[in-house]
Amino acid sequence: MTTHSSKPVAVITGGARGIGLAIGKWFLANGYCIALLDIDQQTLSKTEAALALKEEVLCLHCDVSKPEQVDAAVAQIDAKYGRIDALINNAGVAVFKPIGQTTFAEWRHVLSTNLDGTFLCSQACVPLMLKGKGGSIVNIASISGLRASTLRVAYGTSKAALIQLTKQQAVELGSVGIRVNVIAPGPVDTDMAKLVHSVAIRSDYYDTIPLNRYGTTEEIAQVAGFLCSAAASYVNGQVLAVDGGFEATGVGLPTLRRDANAA
Ligand SMILES: NC(=O)c1ccc[n+]([C@@H]2O[C@H](COP(=O)([O-])OP(=O)(O)OC[C@H]3O[C@@H](n4cnc5c(N)ncnc54)[C@H](O)[C@@H]3O)[C@@H](O)[C@H]2O)c1
């Protein structure tokens, strides 16, 4: 029998660690029950043990790029909570390689996780949101979806597509009471960033970003939480860069910035 949670429910994909886990903790701290979906069972089990909240946390092993796994996960959320109020499409993978060295398998891996995953999870969660009073979807893209760069043929393209998917969803789902927005984080210190950012890249980011630092997972989580809250009740179809000013810099030559600081 489907129970109906008296608390609102947030679903976070890629929630076992990093930005997704920080988002999950934000929702827990703000009175929600959460469902964390992740492909990495080992990390997910550790997270489940660390959170140690049987009623408020549901951890589900799920590859978001596989329709049948997504449907099965949403069926379990329905069985436990009977509602979904917020969905954060955060699961993502990064492959940073030149165009000529990016294999078709790598291209498909990145596109299927970052783009197909968001399409599938949204499609599966929307009916449950509509059984209630609607809800909010937040997709996690990247500044790589706003600004092109080398080595990001698959990653940057997937995130740019995710931004357009967000607008498509916002236009169509807004009229039935579901707001959809997208966050474009700048560099955030997580395992993913450690994997693809060398020491030299880190130093370049410090030089280029007006706030001179990486963001934290909590800084992304707070914005995701805000977008799902009543405080954002008229925000729909927007791209919000949470990037320390990186997107605003344009030709942000470090030398020019140093000169400006010296003046
Ligand atoms: N860290 C950054 O600098 C940064 C910057 C911009 C955007 N982002 C985006 O933020 C999101 C989270 O990144 P993070 O840094 O926390 O990365 P992370 O690698 O630490 O966490 C990503 C999580 O997604 C899970 N995942 C991967 N593929 C999956 C799949 N097919 N199905 C279900 N789960 C899957 C992983 O197991 C992992 O737990 C990603 O979408 C990423 O592209 C990160």
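The values are calculated or read from the model by the stated rules, or taken from the named source; none is laboratory data. All values reported here derive from a predicted model rather than from experimental measurement. Glycine gets a Cβ as well: all are built from the backbone with ideal geometry, and neighbour counts include every protein chain shown. Just the protein is used for accessible areas: all its heavy atoms, side chains included, with ligands, DNA and RNA removed. Shrake-Rupley method; radii C 1.70, N 1.55, O 1.52, S 1.80 Å.
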Tally, over segment 166-201, of residues that are open to solvent by 40 Å² or more (accessible area, probe 1.4 Å) and either free of Cβ contacts under 8 Å to residues at least 60 places away in the same chain or over 30 Å from MET129 (Cα atoms) (or both): 13
Which listed residue is open to solvent by less than 30 Å² (accessible area, probe 1.4 Å), part of a strand (DSSP E or B), in contact (Cβ under 8 Å) with a residue 40 or more places away in the chain and more than 9 Å from the ligand (Cβ to nearest atom), from ILE84, ILE12: ILE12
Failed condition for THR103, given (1) open to solvent by less than 70 Å² (accessible area, probe 1.4 Å); (2) in contact (Cβ under 8 Å) with a residue 12 or more places away in the chain: (2)
Residue under evaluation GLY24, criteria (1) open to solvent by less than 10 Å² (accessible area, probe 1.4 Å); (2) within 10 Å of the ligand (Cβ to nearest atom); (3) not charged (D, E, K, R), criterion not met: (2)
Neighbours by Cβ (under 7 Å, 6+ apart or cross-chain): first from segment 47-69, within 15 Å of LEU120 (Cα to Cα); second in a helix (DSSP H, G or I) and open to solvent by 60 Å² or more (accessible area, probe 1.4 Å): CYS62/GLN69; ASP63/GLN69
Residues within segment 236-262 that are open to solvent by less than 40 Å² (accessible area, probe 1.4 Å) and in a loop (DSSP other than H, G, I, E, B), tallied: 6
Leading residue by the ranking (nearest to the ligand (Cβ to nearest atom)) among those in segment 116-165 that are among the polar types (S, T, N, Q) and surrounded by fewer than 17 Cβ atoms within 10 Å (Cβ to Cβ): SER149
Residue satisfying condition, being more than 9 Å from the ligand (Cβ to nearest atom), within 19 Å of the chain's Cα centre (by Cα), within 17 Å of CYS121 (Cβ to Cβ) and at pLDDT 95 or above, within set ILE19, ILE39, ILE34: ILE34
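So that you can scan it fast, the table gives a plain yes or no per residue for (1) away from the ligand (no atom under 15 Å from the Cβ); (2) farther than 23 Å from CYS33 by Cα; (3) assigned to a helix (DSSP H, G or I):
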position: ALA184; (1), (2), (3): no, yes, no
position: LYS194; (1), (2), (3): no, yes, yes
position: ASN212; (1), (2), (3): yes, yes, no
position: GLU218; (1), (2), (3): no, no, yes
position: GLN222; (1), (2), (3): no, no, yes
